[in-house]
Amino acid sequence: LQFTGALYLLYLAYVAWPKRKSIESSNVPSQNSTESARYSFSKGMLINLSNPKIGLFFVSLLPQFISSDSHPAWLYFLLYGLFFNFGGICVNMTVGVMARKLKSIIQKASWFDYVPPLLLLTIAILTIGRDALSS
């Protein structure tokens, strides 16, 4: 199983290896950034709203912080949920802004295209090497 995983990592490294760009493909206009941002936001919102882990998190963790004599308990759940979501929004917005800035920097560095496949290749070699040592 470990060897099969290493082979799959090698395949992923091969697929991720940068291909030469043809002249025709470099002249293709990019997608409208407003539509792309709207689509990405909608997709992220749909994924987050359909994620049951958040609901399970609140049901399992928050009762520890709400005393049994607090009335109404749903109000405390709501307030804790709002605080949690506000913190999450701040963190996610910061990550999004930084990712957008890093994207422009990374796109200018052509050498960065080789980083993901080289990481996959390294992990595959280490996995095969560890498998060979343990045998």
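The values are calculated or read from the model by the stated rules, or taken from the named source; none is laboratory data. Just so we're clear, the structure is a prediction, and the values are computed from it rather than from any experiment. Quick reminder, even Gly has a Cβ in these numbers, built from the backbone with ideal geometry, and neighbours come from all protein chains shown. Surface accessibility is based on the protein's heavy atoms, side chains included, excluding ligands, DNA and RNA. Shrake-Rupley method; radii C 1.70, N 1.55, O 1.52, S 1.80 Å.
Here are a few things to note about the model shown:
- Boolean, ALA124 is closer than 30 Å to TYR8 by Cβ and within 18 Å of the chain's Cα centre (by Cα): no
- Yes/no for PHE112 being aromatic (Phe, Trp, Tyr) and open to solvent by less than 90 Å² (accessible area, probe 1.4 Å): yes
- Residue within the range 64-77 that is more than 26 Å from PRO117 (Cβ to Cβ), part of a loop (DSSP other than H, G, I, E, B) and at pLDDT 85 or above present: yes
- Residue ID - modelled with the lowest pLDDT, chosen from residues in the range 34-54 that are assigned to a helix (DSSP H, G or I) and exposed (fewer than 10 other Cβ atoms within 10 Å of the Cβ): THR34
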